[in-house]
1. Return the loop-located trypsin sites (Lys or Arg not before Pro) in segment 176-224 (DSSP other than H, G, I, E, B) with at most 15 other Cβ atoms within 10 Å of their own Cβ; answer none if there are none.
2. Could you pull out the longest piece of the chain with no exposed loop GluC sites (Glu not before Pro) in it, calling a site exposed if DSSP puts it outside H, G, I, E, B and it has at most 15 other Cβ atoms within 10 Å?
3. Just flag the trypsin sites (Lys or Arg not before Pro) in segment 290-356 sitting in loop per DSSP whose Cβ has no more than 14 other Cβ atoms within 10 Å.
4. From the P(r) of segment 10-183, can you give the percent of Cα pairs sitting at distances over 28 Å?
5. Within a Cβ distance under 11 Å of ARG294, other residues only, what is the Lys/Arg minus Asp/Glu net charge?
6. Please go through the residue pairs LYS44/LYS266; LYS167/LYS211; LYS89/LYS211; LYS54/LYS167 and name each one whose alpha carbons sit more than 26 Å apart in this structure.
7. Mean separation of Cα pairs under 8 Å and 6+ residues apart, divided by the residue count of the chain: what relative contact order is that in percent?
8. Taking only protein heavy atoms into account and a 1.4 Å probe, give the accessible area per residue of the chain in Å².
Amino acid sequence: MEKNNYRPQKSPGGSISGKSGRTEEKSMAAKNIDWANLGFGYMKTDYRYVSNYKNGSWDQGALTTDDQILLNECACVFQYAQTCFEGLKAYTTEDGHIVTFRPDLNGERMENSAKRLEMPVFPKERFVEAVTKVVEANADYVPPFGSGATLYIRPYMFGSDPVIGVKPASEYQFRTFCTPVGPYFKGGAKPITIRVCDFDRAAPHGTGHVKAGLNYAMSLHAIVDAHQQGYDENMYLDAATRTNVEETGGANFIFVTKDNTVVTPKSDSILPSITRRSILYVAEHYLGLKAEEREVPFEEVKEFAEAGLCGTAAVISPIGKIVDHGNEICLPSGMEKMGPVTQKLYDTLTGIQMGRIEAPQGWIHVIR
Ligand SMILES: *Cc1c(COP(=O)(O)O)cnc(C)c1O
């Protein structure tokens, strides 16, 4: 059992994780898992998928029960952090299917991450196949419908051969494992308090738009500091001018104007969240709202009616208060519950995910 040594754990793709932040490491029979009380932590499951890249090509890949990786001490990932990852969920729908949500977009995003980090592309079709195989093989760990828990899937890849001069590795491993995680919100989604951060997350023309481990390494100090100061999350501004809103360490922003337009910041250094892209589509095509992706000056934030963070883990996490060096912006939606538009977006998107509402073509990938 690992101890959680500071406040809620971060979960890429969802701002903060379950507020009880429990971490479990023991393996147990699927039927004995207490779904409702799982935190956001690692639990070993039965199978993971591994494919290795060597001499210019990927091998055919296979499932394995071995959860350990043995690497040379000089592996590129250890020296120069050549690694990227993805995060998505499998869950049980109302009618009993096991599905994932838009995994092709995760596969596509990982292709882009790999290119930016001079890693060989693991083709998105193979990515979806790997995810499918891992979920099928660990089907006993997919939480039942209604539990609120999900099976979190973590595909990733890294440079695996020894590199001491600064250059890309020539051998790589792609791996996908999964772990059951508990309901994101226990007892309702309480709005969080965030602060405007003095550290920057991503530089213009840098790596903010790809899901690279390095973006998280450099955000750890900022989030630990934010938690110590009593904030749930950091709001990062654009590094060049520090006037426009970008995102948090692991989730994109959505705002709602007083006339019900859904607004999300546009910038080349923001990670293209699949949840955020889906929310904009839902706003326009399901709810008939105006949706805009554009620069959002921080100055404008005090005019908004609602705000939230979006990512795979929480879908949407409502924001109640934003603190900028002592100046508090209290969103009119308050500290008790989600704002009405945020709630509609949340209900519609989770309805689509759970099969209660008809999904756009290709959004739901049925595994079985
Ligand atoms: C993963 C991630 C998100 C959320 O993306 P989803 O595809 O919605 O899970 C947002 N911001 C950052 C920095 C991320 O790494």
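1. LYS186
2. Free of exposed loop sites, the longest segment is 119-294.
3. Here the trypsin sites (Lys or Arg not before Pro) that fit, given the DSSP loop and packing criteria, are LYS290, ARG356.
4. Value for segment 10-183: 25 percent of Cα pairs lie more than 28 Å apart.
5. With Lys, Arg at +1 and Asp, Glu at -1, the net is -3.
6. Those over the limit are LYS44/LYS266.
7. Rounded, it is 20 percent for the chain.
8. Accessible area per residue, the chain: 43 Å².
The values are calculated or read from the model by the stated rules, or taken from the named source; none is laboratory data. The shown structure was predicted, so the numbers you read here are calculated from the model rather than taken from an experiment. Neighbour counts are summed over all protein chains in view; Cβ atoms, including those assigned to glycine, are modelled from backbone coordinates with ideal geometry. Ligands, DNA and RNA are excluded from the accessible area calculation, which covers all protein heavy atoms including side chains. Shrake-Rupley method; radii C 1.70, N 1.55, O 1.52, S 1.80 Å.
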